[in-house]
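Please treat every number below as a calculation from the coordinates, not as lab data. All values derive from a computational prediction rather than experimental measurement. Neighbour counts run over all protein chains shown; Cβ positions are idealised from the backbone, glycine included.
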Amino acid sequence: MTAAGAVTLLAVALIVAVVGLSLVKVIAQLRHVTWTLGTIIVGVNAIAYQTRTIPDVIPKVNANLAPVRAMAEQV
């Protein structure tokens, strides 16, 4: 093998190694972003649940107040 061939192979190996390490770093960052977005989605869903509209809550409130209404009607 000539010197030029050896230098070319060494350069290609070096470039492939650098690109491979860069891809590993990108994968790690994307996993972190995915975890963070998952956390944000859970938080937004919790806020949406706690601030749901009144018509969704009214049947539960009426069910809880049924005994109070029954006692008030007896008075």
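Table for the structure above
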read-out	value
Residue in segment 17-33 that is within 25 Å of the chain's Cα centre (by Cα), hydroxyl-bearing (Ser, Thr, Tyr) and assigned to a helix (DSSP H, G or I) present	yes
Which numbered condition Met1 misses (of (1) surrounded by 10 or more Cβ atoms within 10 Å (Cβ to Cβ); (2) outside any helix (DSSP H, G or I))	(1)
